[in-house]
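Following: one structure in structure tokens, then a few remarks.
The values are calculated or read from the model by the stated rules, or taken from the named source; none is laboratory data. What you see is a predicted model, and the numbers here were worked out from it, not measured in a lab. A quick note on method: Cβ atoms are made from the backbone with ideal geometry, for glycine too, and the neighbour counts reach across all protein chains shown.
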Amino acid sequence: MIHTILSGMRPSGDLHIGNYLGALKNWVALQNSGQYRSYFMIADLHAMSEKFDPRKLPERVKSLAIDYLACGLDPDKSTIFIQSHIWEQPYLNWIFATLIPIAELERMHQFKEKASEYQHINAGLFTYPILQAADILIYKADTVPVGEDQVQHVELTRVIAKKFNNAFGMTFPEPQALLTPTPRVMSLTEPASKMSKSKGEKNYIALSDEPETIRKKIRSAVTDTQIKGEMSPGVKNLFTLLEAFTSNRKIYTDLLTSCTAGTLKYQDLKETLAEEIIKTLAPIQEKRANLEAHPEQLAEILAAGTEAARKVASATFQEVRAKTGLQ
């Protein structure tokens with residue numbers, strides 16, 4: 001049985017290795033498994049729920065699409081499209097919004113976290129999970145690859161699907177969250193926190209970073225000393241990255257053995273890790289440069305993806321219109 005998956009990212013700037021290991025690498029593996037009908041969107045409407053620069057948004061959309069392709073998403077195997085180009089998705093969002101009590105949205109952990117960060121909260125941030133449900137259900141996706149922080153949103157999508165089906169007849173599957181194995185990538189400068197662009201350039205490695213920039217950032221990564229014979233958070237993070245990036249398991253185990261024995265030189269660990277990251281990112285950066293040099297290829301891929309996505313979304317929405325009595 002072929003399942004349908006949908007996922008996406010917001011175009012909020014350069015991607016870093018945490019984005020690659022936490023999402024893109026897994027998306028490519030799912031796409032190539034032959035078990036899924038895959039939809040991957042650039043979530044530009046979701047990007048508007050937080051402060052953004054409209055002058056930069058178009059280029060960020062293109063940049064994220066290039067990252068998708070450079071990291072291995074294949075337009076012959078997956079439908080790659082821009083969220084806002086499919087008008088049926090926000091339209092379905094409104095219909096779903098009429099089914100969900102406010103209390104369901106107030107339970108969302110991510111909203112509570114965001115609300116604590118901002119003085120003024122817009123309604124879009126509050127209703128974000130409803131649009132996310134529309135994104136998923138309009139393609140009748142039954143599987144959603146997510147991190148643990150998004151599981152609650154998938155659960156809400158299941159609630160919405162069930163409410164619609166009960167009110168208007170069986171229409172949508174109740175999707176399951178797919179928790180793919182992903183390393184928890186922490187900040188290079190604050191290893192107790194997740195890697196994030198908001199903490200400054202020194203804390204993350206961008207997919208576009210030059211080799212010498214990568215070496216410099218890894219050299220300055222926090223290590224500290226071992227705590228009571230245990231690995232410090234900074235060292236643990238470097239080993240997590242090494243395990244994720246090296247294709248030679250012996251490299252990882254030899255350094256880990258040295259660390260356990262107390263003979264490890266952090267310089268050796270950092271130099272090895274930097275070279276493994278550089279080696280992994282080289283073909284991604286090469287493909288990215290080629291796509292940037294041929295913008296017409298990107299335009300064709302996104303146009304084809306939009307056409308394919310709209311065909312499915314339109315069919316689903318016509319079904320919804322008929323069942324809800326819309327003329």
Can you list residue pairs whose Cβ atoms sit under 7 Å apart, with the first residue in the range 310-327 being assigned by TED's automatic domain parsing to the domain that holds residue 38 and at pLDDT 95 or above and the second being part of a helix (DSSP H, G or I) and not hydrophobic (A, V, I, L, M, F, W, C)? Count only pairs 6 or more apart in sequence or on different chains.
313/88; 313/89; 314/88; 317/88; 317/91
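Considering only the range 15-33, state which residues are outside any helix (DSSP H, G or I), buried (at least 21 other Cβ atoms within 10 Å of the Cβ) and either touching a Pro at 6+ places or on another chain (Cβ under 7 Å) or not hydrophobic (A, V, I, L, M, F, W, C) (or both). Don't jump to the end; show me each part of the working.
Taking the range 15-33 and keeping what is outside any helix (DSSP H, G or I), we get 15-16, 33.
Of the ones still in play, those that are also buried (at least 21 other Cβ atoms within 10 Å of the Cβ) are 15-16.
16 - this is the single residue of the range 15-33 that is outside any helix (DSSP H, G or I), buried (at least 21 other Cβ atoms within 10 Å of the Cβ) and either touching a Pro at 6+ places or on another chain (Cβ under 7 Å) or not hydrophobic (A, V, I, L, M, F, W, C) (or both).
Kindly indicate whether residue 188 is buried (at least 17 other Cβ atoms within 10 Å of the Cβ) and touching a Pro at 6+ places or on another chain (Cβ under 9 Å). Steps first, answer last, please.
Numbers: buried (at least 17 other Cβ atoms within 10 Å of the Cβ): yes; touching a Pro at 6+ places or on another chain (Cβ under 9 Å): no.
So residue 188 fails the test.
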Index of the failed condition, residue 262 passing every other in (1) on the phi < 0 side of the Ramachandran plot; (2) modelled with pLDDT under 95:
(1)
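Tally the residues that are farther than 21 Å from residue 155 by Cα and hydroxyl-bearing (Ser, Thr, Tyr), restricting the search to the range 92-136.
2
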Within the set of pairs 6 or more residues apart or between chains, which connect a residue that is assigned by TED's automatic domain parsing to the domain that holds residue 25 and free of Cβ contacts under 8 Å to residues at least 24 places away in the same chain inside the range 139-154 to a residue that is part of a helix (DSSP H, G or I) and buried (at least 17 other Cβ atoms within 10 Å of the Cβ) with Cβ atoms less than 8 Å apart?
154/136
Has the range 232-253 got at least one residue that is without any contact (Cβ under 8 Å) to a residue 24 or more places away in the chain and of a type in the set (D, E, K, R)?
yes
Six or more apart or on different chains, Cβ atoms under 8 Å: show the pairs whose first residue is in the range 170-190 and farther than 21 Å from residue 152 by Cα and not assigned by TED's automatic domain parsing to the domain that holds residue 28 and whose second is in a loop (DSSP other than H, G, I, E, B) and among the β-branched types (Val, Ile, Thr).
188/205; 188/222; 189/222; 190/222
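Can you tell me which residue among 119, 132, 152 is crowded, with 22+ Cβ neighbours inside 10 Å and polar (S, T, N, Q)?
Values: 119 fails: crowded, with 22+ Cβ neighbours inside 10 Å; 152 fails: crowded, with 22+ Cβ neighbours inside 10 Å.
Result of the check over 119, 132, 152: 132.
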Given (1) surrounded by fewer than 21 Cβ atoms within 10 Å (Cβ to Cβ); (2) among the aromatic types (Phe, Trp, Tyr); (3) touching a Leu at 6+ places or on another chain (Cβ under 7 Å), index of the condition residue 39 fails
(1)
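Of all residues in the range 296-309 being of a type outside the set (Gly, Ala, Ser) and either surrounded by 13 or more Cβ atoms within 10 Å (Cβ to Cβ) or modelled with pLDDT under 95 (or both), which is nearest to residue 86 (Cα to Cα)? Working first, answer last.
Applying the first criterion (of a type outside the set (Gly, Ala, Ser)) to the range 296-309 yields 296-298, 300-302, 306-307.
Among the residues that remain, those that are also either surrounded by 13 or more Cβ atoms within 10 Å (Cβ to Cβ) or modelled with pLDDT under 95 (or both) are: 297-298, 301-302, 306.
Numbers: 297: 20, 298: 18, 301: 15, 302: 12, 306: 7 Å.
Ranking the qualifying residues of the range 296-309, first place goes to 306.
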